[in-house]
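The values are calculated or read from the model by the stated rules, or taken from the named source; none is laboratory data. Model, not experiment: these values are computed from the prediction. Cβ: placed from backbone, ideal geometry, glycine included. Neighbour counts: every protein chain shown.
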Amino acid sequence: MKLRWVVLLCAVGFALAGGALYSLYSPYRGFEGDLFLQVPKGSGTRAIGQQLADKGVVRYPWQFWLTRAIHPGATLQAGEYRFDRAASVAEVFSRLGRGDVYYFSLTVPEGSNMFDIARLLESDGIMPAQDFLHAAEDPTLIRDIAPAAQTLEGFLFPSTYRLSHATTPAALCQMMTGQFRKEWKKLSPDGSADIQKTVTLASLIEKETGAPAERPMVASVFQNRLRIGMALDCDPTVIYAALLENRYSGAIHRSDLDRKHPYNTYQHAGLPPGPIANPGASSLAAALNPAPTEYLYFVAKPGGDGHVFSSNLAAHDKAVTSYRHASQRKPSGKTR
């Protein structure tokens with residue numbers, strides 16, 4: 001009689017164990033739509049199992065704990081995970097073990113200013129524009145290399161970044177300024193270049209031409225003007241001044257050109273107080289190594305395929321007239 005009970009209990013135990021093990025490999029879904037779950041750093045197996053069960057990723061916490069007992073040497077990775085279908089506990093555990101974290105890509109084009117980046121972030125539903133701008137207006141992250149910087153403008157390197165829903169504005173700014181530091185070290189390994197002036201000049205070059213081959217020549221125009229004390233007359237600086245005052249309407253008006261704003265290079269000789277955009281490596285390289293020319297002017301070619309460069313006003317006026325006749329509209333680029 002006693003043996004019969006032992007056999008029965010063993011049978012029940014094996015059945016329960018078998019059922020428990022079977023449940024680890026049975027797909028389950030207790031949530032609707034896409035579920036994003038953040039596993040904080042330092043989370044233990046018990047906390048993760050409870051979190052997964054609370055969100056409906058697994059049916060019971062003990063299933064996750066049992067899987068951990070079967071795989072005691074596995075290391076579970078913190079991060080954000082995306083669940084969009086039914087999955088077994090074993091599959092969920094495997095994903096956390098190999099760090100299959102969710103991320104999405106943010107591509108920041110060369111020449112974007114911090115206002116452009118803020119709009120991009122908000123339109124993509126990543127974070128509110130004002131939250132990013134608030135973080136970007138604090139220059140602490142680059143104060144050690146650019147003590148005169150008033151914001152992070154110019155140092156938010158344009159590239160593609162991997163983000164999650166947990167990425168904060170401050171964390172994104174740290175990624176972007178970190179990438180800038182890497183690129184700057186390649187371009188100026190000895191650190192002898194004046195970083196503030198170089199980045200400011202590079203931002204003007206970036207906004208004036210999208211053609212990498214032209215950038216050293218545009219750089220030479222600006223450097224030549226700076227050398228003789230001639231105003232840069234850079235339209236993008238006028239636009240940036242309007243952006244800073246939240247009054248840019250999509251076009252430059254005579255009142256903008258006449259405004260005594262520090263960033264208005266029609267009204268003030270020399271470089272503006274800081275960068276007006278975030279330049280890429282090509283523009284930074286051009287600012288460090290301008291072409292050896294005597295050019296002082298440039299204007300867009302008819303059709304917009306590049307620019308015509310001139311070393312004297314007569315030649316420049318001829319190029320401007322040619323452009324106007326061809327386009328029948330106000331030319332872009334330098335006119336004086």
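Looking at region 311-336, which of the residues that are touching a Leu at 6+ places or on another chain (Cβ under 9 Å) and either modelled with pLDDT of 85 or more or assigned to a helix (DSSP H, G or I) (or both) is surrounded by the most Cβ atoms within 10 Å (Cβ to Cβ)? Talk me through it step by step, then tell me what you get.
Here is the first cut: in region 311-336, the residues touching a Leu at 6+ places or on another chain (Cβ under 9 Å) are 311-313, 316, 334, 336.
Narrowing further to those that are either modelled with pLDDT of 85 or more or assigned to a helix (DSSP H, G or I) (or both): 311-313, 316.
On the way: Ser311: 14, Asn312: 11, Leu313: 12, His316: 21.
Step by step, filter region 311-336, then rank; the result is His316.
In the set (1) within 21 Å of the chain's Cα centre (by Cα); (2) surrounded by 14 or more Cβ atoms within 10 Å (Cβ to Cβ), Arg259 fails one condition alone, (1).
Restricting to region 276-307, and then to whatever is outside any helix (DSSP H, G or I) and small (Gly, Ala, Ser), can you tell me which residue is farthest from the chain's Cα centre (by Cα)?
Filtering region 276-307 for residues that are outside any helix (DSSP H, G or I) and small (Gly, Ala, Ser), the one farthest from the chain's Cα centre (by Cα) comes out as Gly303.
Of the helices (runs of 4 or more DSSP H) lying entirely inside region 79-145, those containing at least 1 residues that are of a type outside the set (Val, Ile, Thr) and under 14 Å from the mean Cα position of the chain (by Cα) span 114-123, 129-136. On inspection, Ala193 qualifies as part of a loop (DSSP other than H, G, I, E, B) and at pLDDT below 95. In this structure, Ala231 does not satisfy being surrounded by 14 or more Cβ atoms within 10 Å (Cβ to Cβ), under 18 Å from Thr151 (Cβ atoms) and among the hydrophobic types (A, V, I, L, M, F, W, C).
Filtering Phe115, Phe83 for residues that are surrounded by 13 or more Cβ atoms within 10 Å (Cβ to Cβ), within 30 Å of Ser283 (Cβ to Cβ), of a type in the set (Phe, Trp, Tyr) and modelled with pLDDT of 95 or more leaves a single hit, Phe115.
Taking every residue in region 254-270 that is assigned by TED's automatic domain parsing to the domain that holds Tyr240 and assigned to a loop (DSSP other than H, G, I, E, B) and pairing it with any residue that is surrounded by 14 or more Cβ atoms within 10 Å (Cβ to Cβ) and hydroxyl-bearing (Ser, Thr, Tyr), at least 6 positions away or on another chain, the pairs with Cβ-Cβ distances below 7 Å are Tyr263/Thr237; Tyr263/Tyr240; Asn264/Thr237; Thr265/Thr237.
For region 273-295, the set of residues classified as within 12 Å of Val218 (Cβ to Cβ) and not polar (S, T, N, Q) consists of Pro279, Ala286, Ala287, Pro290, Ala291, Tyr295, listed by residue number. Among the numbered criteria (1) under 19 Å from Gly111 (Cβ atoms); (2) in a loop (DSSP other than H, G, I, E, B), which one does Asn246 miss? All conditions pass for Asn246, except number (1). Residues in region 98-112 that are hydroxyl-bearing (Ser, Thr, Tyr) and at pLDDT 95 or above: Thr107, Ser112.
For region 63-95, the tally of residues that are in contact (Cβ under 8 Å) with a residue 60 or more places away in the chain and in contact with a Gly (Cβ under 8 Å, 6 or more places away or on another chain) stands at 1.
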